[in-house]
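Beneath this line is the structure, given in structure tokens, with notes to follow.
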């Protein structure tokens, strides 16, 4: 009788221990789920806040560019990525789908940042690579009057992201573009058929602020 009672008590203890273990496991699972939900929720909130903040800045910059471009009589256009392979052959303007080119296969060597004297500008296949590095190229048509070029150089020298002449190039266009002046970035350009002084400069400035460093390769 004593043996049967002990066996019964043993089974009871085992059942209680098993139930307690199951309850503890369920409690731990619920706690993990709660913590995970809080973390995910916080991440979503942070992501939304950052997206909204960045979106507002981007939207404002886009609006600034559209307004400035319209005031200057310029066109601002965006294009698909037409390729970014490295090639060794010499490329002509006709090898690209936009003029000035905004993307496409290009030479392995990018043109350095800086100001290029007329007649000494880099080859197209080299400066397209420069665009891929997030640079802004300010270009002017051959024969542009010196005072206008001087204004473009002043724009080139301005600070962008806290640094003078940041990630910029100033050069005479060599793709026979249909514009008097243009600002070019990877997949985008601002083309101005006339140079209207400060109105044109303001549009090109807004273009740089929107598109500098917006390219597949971020190179210091």
Given the conditions (1) surrounded by fewer than 20 Cβ atoms within 10 Å (Cβ to Cβ); (2) without any contact (Cβ under 8 Å) to a residue 60 or more places away in the chain; (3) closer than 19 Å to residue 75 by Cα, report the number of the one that residue 212 does not fulfil. (2)
Examine the stretch 142-150 for a residue that is within 22 Å of the chain's Cα centre (by Cα) and not assigned by TED's automatic domain parsing to the domain that holds residue 67, and state whether such a residue exists. no
Go through the stretch 67-100 and count every residue that is in a loop (DSSP other than H, G, I, E, B) and either touching a residue at least 40 places away in the same chain (Cβ under 8 Å) or surrounded by fewer than 17 Cβ atoms within 10 Å (Cβ to Cβ) (or both). 17
Taking the condition of being under 19 Å from the mean Cα position of the chain (by Cα) and crowded, with 21+ Cβ neighbours inside 10 Å, how many residues in the stretch 182-202 meet it? 7
Kindly provide the set of residues from the stretch 70-98 that are closer than 18 Å to residue 186 by Cβ and either in contact with a strand residue (DSSP E or B) (Cβ under 9 Å, 6 or more places away or on another chain) or not assigned by TED's automatic domain parsing to the domain that holds residue 133 (or both), ordered by number. 75, 76, 77, 78, 79, 83, 84, 85, 86, 87, 91, 98
The one condition in (1) buried (at least 21 other Cβ atoms within 10 Å of the Cβ); (2) over 15 Å from the mean Cα position of the chain (by Cα) that residue 207 fails to fulfil: (2)
Tell me, which residue of the stretch 133-170 that is touching a strand residue (DSSP E or B) at 6+ places or on another chain (Cβ under 7 Å) and in contact (Cβ under 8 Å) with a residue 60 or more places away in the chain is surrounded by the fewest Cβ atoms within 10 Å (Cβ to Cβ)? 138
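The values are calculated or read from the model by the stated rules, or taken from the named source; none is laboratory data. Quantities reported herein were computed from a predicted structural model and do not represent experimental measurements. In this analysis, Cβ positions are derived from the backbone assuming ideal geometry, glycine residues included, and neighbour counts consider all displayed protein chains.
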